[in-house]
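Presented below is the structure to which this report refers.
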Amino acid sequence: MPPVRDDAPSVLIPTGVAPYSYPCLRSLHRRGVRTLAASEHDHVPVFSSRFCDETARLPSPDDDLLAYKDALVDLAARDDVAAVIPIREYDAYLLSRYRDEFAERAAVEVPPIETLERVHDRVKLAEAAEAAGAPVPETRPLDAVEEWSGDHIVKSRYNLLADRYVDTHAPDECEEVNHVTHVRPDEEPDRDELVAAMNHVPIVQEFVPASDEYMFAALYDEGDPVATFQHRQIRGNSYTGGGGVYRESMYDPDLESVARDLLGELDWHGLACIEYMEHAETGEYYLTEINPRMWQSLPSTVRAGADFPLYYWLQSQGRRDEIDPDFELGVGSHLLYGELGYLASVLSDESPYVERPGLGETALEIGESVVRQPRFDFLRLDDPRPFVSGVLQTLSKSE
């Protein structure tokens, strides 16, 4: 692989400690684009990648969101920086909220803030799904629930707490809230405790008995689908659910249809990762949530040939006609430490709705899939340092 030219255009990739930005670095560097990885952390595993051309330090978005935004704007204003990729929820929010400010300096493929709010607010997202004719669990604010018969879960109303959405946060403040509480039938939870834990009034959703979980990913251009991808999530962060740690690529026209209907209702632009549950009784795909950015399982997506970092870059540079959205079916990839977390969840997590699998059976399933599909998200023989750095960092924290 020839070195990237010094005068090549650069892409700005803000990143946290988690290595979900790695496929962007790997994909774009290999195609002659200089990669500028920026983070508020000093020790980031992807900084050690052979595909990382330059690093930059950012203020912490948790300490001062506007200072973080201003630092991103300054980097985007460099003559060589041609695009900015949203990796985390902070980035999607800021690139959308201050879309014009960023677009004056570098290309950003994100929806306008009015559209993003319909996605970040799970009440408005449920309304959008209903308007599109797409199945969605009954969703209500906690304050609107008086009767607790049936099966319910309580979770945050917003993907991100920020001043655009709630009046408890100043413009320089933000907070990610990912709590999910399973409520037993006819058992009313402590409302004050839930509000205090989530720092806002959460939502209550009907529990959907799911036989499987799926992801639909897409890149849209002003309401027009440019590339789409699907996978089935076989294991998540926990046996009760969560982000995928082992998935296999697939295609179902019914899933394609329901997802496109929703994104059409939203007149979507940019990246979208939509999570679905397959109803165990009806087989319908029920909406879980939308992530308007690159997603945790992006390495698995790229492994199957759906190179969304490249697609994003090409669209941002006005080269949409060069995008080939084909991908290979039946390709699986593992997040190794996620697989260990799934195994640990069998011992530590519990849910009144999801039956706990056996520990031995779970270990055998993980081992069998690793042998059958020996692909890993971040363990790459031609670039081992990010994986090794991540393992060492994890071990140092556990001491």
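The values are calculated or read from the model by the stated rules, or taken from the named source; none is laboratory data. This one's a predicted model, so the numbers in the text were calculated from it and none came from an experiment. When we count neighbours, we look across all protein chains shown, and the Cβ atoms used for this are built from the backbone with ideal geometry, even at glycine. The protein model used for the area step is the full one, side chains on, heavy atoms only, and it has no ligands, DNA or RNA in it. Shrake-Rupley method; radii C 1.70, N 1.55, O 1.52, S 1.80 Å.
Of all DSSP-defined beta bridges confined to the chain, some 80% are antiparallel rather than parallel. Per residue, the chain reaches -9500 deg cm²/dmol at 222 nm when only DSSP H runs of four or more residues are counted, each adding -39500 (n - 2.57).
The residues packed around Arg375, meaning those with a beta-carbon under 11 Å from its beta-carbon, carry a net charge of +2 if Lys and Arg are +1 and Asp and Glu are -1. Quick check: net charge around Met198, other residues with Cβ under 9 Å of its Cβ, Lys/Arg +1 and Asp/Glu -1? Net of charged neighbours comes to +2. In the assembled protein chains, Phe327 presents an accessible area of approximately 50 Å² (probe radius 1.4 Å). Within the listed set Ala103, Ala344, Ala162, the residue fluctuating most in the Gaussian network model of the chain (springs between alpha-carbon atoms under 10 angstrom) is Ala344. With label points built 7 Å along Cα→Cβ from the Cα atoms of Asn199 and Ala103, find their separation and express it in nm. Between Asn199 and Ala103, the simple spin-label model gives 3.0 nm. Element breakdown for region 5-82 at a 1.4 angstrom probe: carbon and sulfur atoms account for 43% of the accessible area.
Taking all Cα pairs closer than 8 Å and separated by 6 or more residues, the relative contact order of the chain comes to 16 percent. Taking the 1.4 Å solvent-accessible surface of region 95-224 as the whole, the part contributed by carbon and sulfur is 39%.
Between Ala77 and Ala18, the FRET efficiency from the beta-carbon distance, with R0 = 30 Å, is close to 0.65.
Anisotropy class assigned to region 181-226 is oblate, per the alpha carbon gyration tensor with a/c at or over the 1.5 cut-off and a/b no larger than b/c. Ordered from largest to smallest accessible area (heavy atoms of protein chains, 1.4 Å probe), the residues His41, His200 come out as His41, His200. Val371 contributes an accessible area of around 120 Å² to the protein surface, as traced by a 1.4 Å probe with all chains present. Approximating the spin labels as points 7 Å out from Cα along Cα→Cβ, the Arg31-to-Glu147 distance works out to 5.4 nm. What distance in nm lies between label points placed 7 Å from Cα along the C-beta direction at Asp172 and Leu66? If labels sit at Asp172 and Leu66, their model points lie 0.7 nm apart. Let a ≥ b ≥ c be the square roots of the eigenvalues of the Cα gyration tensor of region 254-381; is it rounded (a/c under 1.5), or, if not, prolate (a/b larger than b/c) or oblate? Verdict is oblate for region 254-381.
Accessible surface for Thr288 stands near 30 Å², nearest 10, in the context of the full protein assembly shown (1.4 Å probe). Springs join every pair of Cα atoms under 10 Å in this Gaussian network model of the chain, and among Pro352, Pro386, Pro111 the largest mean-square fluctuation is at Pro352. If you keep only loop residues by DSSP, which GluC sites (Glu not before Pro) in region 211-281 have at most 16 other Cβ atoms within 10 Å of their Cβ? Of the GluC sites (Glu not before Pro), the ones in loops of region 211-281 whose Cβ has at most 16 other Cβ atoms within 10 Å are Glu222, Glu281.
For region 13-20, backbone phi angles converted through the Karplus equation (6.51, -1.76, 1.60; θ = phi - 60°) give residue-by-residue couplings of 10, x, 8, x, 6, 4, x, 6 Hz, Gly and Pro being listed as x. Highest GNM mean-square fluctuation, the chain, Cα pairs closer than 10 Å: which of Pro86, Pro23, Pro61? Comparing Pro86, Pro23, Pro61 in the GNM, the peak value goes to Pro61. Between rounded, prolate and oblate, where does region 264-313 land on the alpha carbon gyration tensor, with a ≥ b ≥ c its root eigenvalues, rounded for a/c under 1.5, else prolate if a/b exceeds b/c? Oblate is the answer for region 264-313, as a/c is 1.5 or above yet b/c matches or exceeds a/b. For the set Asp100, Asp62, Asp167, the ranking by accessible area, highest first and with no ligand, DNA or RNA atoms included, is Asp167, Asp100, Asp62 under a 1.4 Å probe.
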